[in-house]
Amino acid sequence: MSSKLSTFICQNCGTETSQYFGKCLNCNSWNSIVEEIKSKRSKNKDTKNNKKSIPFKEISSKKISRFTSGFREFDRVLGGGIVPGSVVLLGGEPGIGKSTIILQSAGKISLNEKVLYITAEESLEQVKIRWERLNQNSIDLKIFAETNLSLIIEEIKSVNPSFAIIDSIQAIHNHEMESSPGSVSQVRACSSELQNLAKDNNIALLIIGHVTKDGALAGPKTLEHLVDTVINFEGDNLSSHRLLRSIKNRFGSTFEIGIFEMLEEGLREIKNPSSIFTNKENIAGVTTTITNEGTRPLAVDIQALVNKTFYSNPRRTTTGININRLHQILAVIEKHVGIKLSEFDCYIATGGGFEINDPSSDLGVAISILSSLKNIPPLASTSFIGELGLSGQVRKSNNLRTKIEEAVRLGIKNIVVPKLEEEINNNFQNLIHIKEISNIKEAVDYSLSK
Ligand SMILES: Nc1ncnc2c1ncn2[C@@H]1O[C@H](COP(=O)(O)OP(=O)(O)O)[C@@H](O)[C@H]1O
Ligand SMILES: [Mg+2]
Ligand SMILES: [Zn+2]
């Protein structure tokens, strides 16, 4: 039994309403609401129950054995490899390289596991042309070009792979629904059917979704709470560097990153990532900080440009740092270093535009700003670590020990850090000079006095 039901769904955030609005009541975006017609199937159909609750002590605790994606950097982002039966969403801008990395990975995985690659956007021939450029080997890799969800499900059932890939979720559709492929309700409905199939058959499923920064292709965004792991593939078209970043992971830590380079023959892992986000030049307006992304310490340059403003409101822009964070740092400098910044424009950019989420980059941002303002290079070969509190104090940083170790590995000579426990300091004697500070004023006096 089926009846037609019309709902209005915001294509930006996925909120459903029974009525049309020009502006979404949830996310406030304009003209994002689209009418979608669902065929409502009687709900009881799929609820035949053959599962029972079982005594907790009877559950075997045998360790789930992950399998490798074929890339160490990819495995790291997944939390140590692919978990059987898990569902991973791989999102990123069109053209960033999602199909490329996954095809390379599919080849490598197929040397040990059964792999099924479903291409819904490209023909078999197109995939084959890419495959030849990537120069991969495969053993148990099958490929299926289809957009119809029920045919895809049949094929997955009949092949029964360990690892299945949907490329991409926006290109497939469920014929029982009248909304168009890529719409929020199609993306959600297709994903949840595929997810159930994966869980029931212990198939690891990787769903590719195109996601744009401005939210123009937001369908996959609405899946984030459904899947086990969400990985973003980032980078800009100007540089060849690409970053995998886990933004949700039921099986590992989040914000873990993997770094690659896009070459003609596909993606190659970068073994020493700190080297690509730093320049090691000692010039006014540039400092180096060491951030923690997931479990990995990473050196990143912070560049500041501070100029007298020509506007009534000074301009503040950032690349790689949250703009609100910059406003806060500027306020702390005004109040606790006593320098008036309201007459100055301030631009901040991280090395390679790398997006820093670690608040301990504050100190590096502040010193870069003051270094540019005064036109004095900061103390040579120095890294800055510390979160700035609103009262000007430099607060503790997470994983400080691994950050200092990374600085040592990179041959950095000085490191400015929040007050340490005695024991950490002892470990680094003769390896690096550690300057402990408790507030912003001390950091400025230490690193910017000529
Ligand atoms: N012949 C080629 N040589 C080098 N790089 C290529 C070649 N063809 C495609 N690429 C790279 O691959 C990218 C497309 O990657 P793709 O995996 O199709 O992206 P997505 O699946 O995320 O849309 C292009 O933007 C380009 O950088
Ligand atoms: Mg693609
Ligand atoms: Zn909305």
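Here, each number is a calculation from the coordinates, and none is a lab measurement. Given the structure is predicted, the values throughout are model-derived calculations rather than measurements. Ideal geometry is used to build each Cβ from the backbone, glycine not excepted, and the neighbour counts take in all protein chains shown.
Numbers at a glance
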quantity: Selection from Ile302, Thr287, Ser312, by position along the positive dipole direction of the stretch 269-324 (Cβ); calculated: Ser312
quantity: Whether the stretch 80-126 is rounded, prolate or oblate, judged on the alpha carbon gyration tensor where a/c under 1.5 counts as rounded; calculated: oblate
quantity: Isolated Cys in the chain, by beta carbon distance under 4.7 Å; calculated: Cys190, Cys346
quantity: Rg(Cα)/(2.2 N^0.38 Å) for the chain, N = residue count; calculated: 1.14
quantity: Pairwise label distance in nanometres, Tyr311 with Leu124, each label 7 Å out on the Cα-Cβ vector; calculated: 5.6
quantity: Given charges at beta-carbon only (K, R positive; D, E negative), |dipole| of the stretch 340-450 in Debye; calculated: 280
quantity: Distance (nanometres) between label positions extended 7 Å along Cα→Cβ at Ser53 and Ile283; calculated: 6.7
quantity: Calculated FRET value between Ile64 and Thr7, using beta carbons and R₀ = 35 Å, to 0.05; calculated: 0.35
quantity: The chain, relative contact order in percent, only Cα pairs under 8 angstrom and at least six apart counted; calculated: 12
quantity: Degrees, to the nearest 10: 323-336 long Cα axis against longest axis of the chain; calculated: 20
quantity: Helix 184-201 vs. the chain, principal-axis angle (Cα, 0 to 90°, nearest 10); calculated: 80
quantity: Low-density loop cleavage sites - trypsin sites (Lys or Arg not before Pro) in the stretch 144-219, where at most 14 other Cβ are within 10 Å (DSSP); calculated: Lys213
quantity: Size of electric dipole in the stretch 239-333: Cβ of Lys, Arg +1 and of Asp, Glu -1, about Cα centre, debye, nearest 20; calculated: 420
quantity: The chain: angle of helix 124-134 to the longest principal axis, Cα-based, in degrees nearest 10; calculated: 30
quantity: Highest average packing first - 350-359, 274-283, Cβ atoms within 10 Å; calculated: 350-359, 274-283
quantity: Bridge type composition, the chain - antiparallel percent by DSSP, nearest 5; calculated: 55
quantity: Dipole moment magnitude, nearest 20 debye, the chain about Cα centre, only Lys, Arg, Asp, Glu C-beta charged; calculated: 940
